[in-house]
Each structure stands twice: as C-alpha cells, then as structure tokens.
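**Student:** Have a look at this one before I ask anything.
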Ligand SMILES: [Mg+2]
C-alpha cells in the first residue's frame, strides 16, 4: 500500500508521457500524489474502521472514497469521469449510488491495503471484492482488483515470484509477453485487463523495488496507476527502500502523511509477526465467477 503511493507519486509526472526508457528521474520536485494514492488511502481507512467486523465494509469504503474525493478534488491528472459522476450523484441524493459496471484500472490501483488486512488468501479475495464492487462491478474490474490483491498477499507471505506468476496465470491472466515485447507497442490503457497483466509482468521481471517501478513506467502506459499496481506488489515482495519512502513523504500534505504513517505501522506490524505459510493450492480461485457471459458492456 505504501509501495502503491510511492509508485503513484513517481509516475505522476509521467502519466501522459508514454515513457519508453528506464533511466528517468524518480523525483523531480514536481511529483505529487494523484487519485491512485488518495483512493488507496480511502480504502485503507475503511479497512481500519472495519477490522474485525466487515459487514459494512462496502458502504464504509464507498463513503470514504467520497470523503477523500471531496477533500482532494483537484489532483494532478484528475479522477476517472465515471467515478466523479458517481460521487456527485451520491452527494446530490444523500445516498451511495449503485456501482457503474466499470472495468477501469482504478479497481486495481486502490486495492492494495486488503492484502495487509486479510487473514487468508480466501479472505483477501473477499475483501478485494467488497471494496471493488461498489463501483467496478464488471467481472473484469473485480478480476483486476483480485489479481492485484492476491499477488500482494502472496508476496507478503513469502511466496516466490514463480509461485505468484503461476497462480496469476492459472487464475487470472496469460502472461506470455516480456516487458521488451510489451514496450514496443504498448500505450496508455485505462482498463484493468490491459493494465494489470502488464504491471504484474513488470514486477516479475524486476530485480528490486526501484527497478520494478522503473520497468513498469518504461512500458509507456498509465504511468502512475501502473506504478501503484507494480509498486504495491514490489513493496510486499522486496520491502521498501527507506530513502525512496522518505522522498515520497516529502511530496505529501500533512493529512496524507499521517495516513501513510499508519500504513507503515500496519506493514511493520505484519513484518514483525512474521508471514505465515499459506497454502494456495487448497484455495480455489473465485475466478469462476468471471466466467459469466461478458457482453463487453462495461465502462472504464
Ligand atoms: Mg492517477
């Protein structure tokens, strides 16, 4: 989750650049948090409030996203148009409006905290669905968030890159293109299905946290969102370099800093407890739910 915010802050200045190189400045003095960071914080805040009793998680996550949006309405790059519309309709009617069938990559960019609150892989998938289906209820949106959450959860609990990749390939996406191949033709893509597999591939080819961020941004896509997705998995797998975390904190306002400090405490708490061995083989993917007819009527 902190790794997602770092990836977003680094990617913020490259989000419409279509960068194709790895040798770029991580921090320039113009880096800022964008919607990826803010909504990651909103989901984290909802999970904190619901820890131990998740009956109202979906409602609280929706309320927190609206609350964070109204506190930070003018971020670099803006928010997704359908999300903004959903926020204003909800505010106007004093009631959370129904989900808008999105498969946009916003589902994956904001979900990382669920892996830190989950008690099992199955629980991780349940939490992922609860915080996603409030807006991104298209099967491809649910799938993109779950693939991201599961990769983070497995990384956090000591699974190897190979094990994570095999699981993702078995249950979510075919990962048959290398980053060098993707880079040749890839461009800005707002959907889960054209962002999450590429972001995960960048992690699978990386050598450390910094290299993961450089690799994903060098693919030339939605840089801040890919930074958030890849960064979240890379943080769980490699840990976060202190100097990068410190540089990111300097880009935040005081309110956000407090939330990120709480995320750091949560992360360190899990590290100190030690990751538990998880049996991924016994847990069936809920991916069968995605097999229902996809009429391609989702929205970004
Ligand atoms: Mg963004």
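Each reported figure results from applying straightforward, stated rules to the coordinates on display, with no laboratory input. Worth saying up front: this structure is predicted, and the values here are computed from it rather than measured. Cβ sites come from the backbone with ideal geometry, for glycine too, and all protein chains shown count toward neighbours.
**Student:** Which order do the peptides 60-73, 189-202, 92-105, 143-156 take when ranked by the mean count of other beta-carbon atoms within 10 Å per residue, highest first?
**Tutor:** On the way: 60-73: 19.8, 189-202: 24.1, 92-105: 17.6, 143-156: 28.5.
Going by the mean number of other Cβ atoms within 10 Å, highest first, we get 143-156, 189-202, 60-73, 92-105.
**Student:** Right, next: Need the full-extension length gain, residue 264 to residue 23, defined as separation in residues times 0.36 nm minus the C-alpha distance. One decimal, nm. Could the numbers behind the result be given before it?
**Tutor:** On the way: separation 241, 0.36 × 241 = 86.76 nm, distance 2.80 nm.
84.0 nm is the gain from fully extending residue 264 to residue 23.
**Student:** Based on the Cβ-Cβ distance of residue 67 and residue 101, what FRET efficiency does E = 1/(1 + (r/R0)^6) give at R0 = 25 Å, to the nearest 0.05? All intermediate terms of the calculation are to be shown ahead of the outcome.
**Tutor:** On the way: r = 23 Å, r/R0 = 0.93.
It comes to 0.60.
**Student:** Each label point is 7 Å from the Cα along the Cα-to-Cβ direction; what then is the distance between the points at residue 255 and residue 185, in nm?
**Tutor:** So the two model labels end up 4.4 nm from each other.
**Student:** Ok, one more. Between residue 271 and residue 74, how many nm apart are label points set 7 Å from Cα along the C-beta direction?
**Tutor:** It works out to 3.7 nm between the two label points.
**Student:** Quick one: compute a quarter of the convex hull surface over the Cα atoms of the stretch 33-181 and quote it in nm².
**Tutor:** On the way: hull surface 38.4 nm².
Hull-based average projected area comes out at 9.6 nm².
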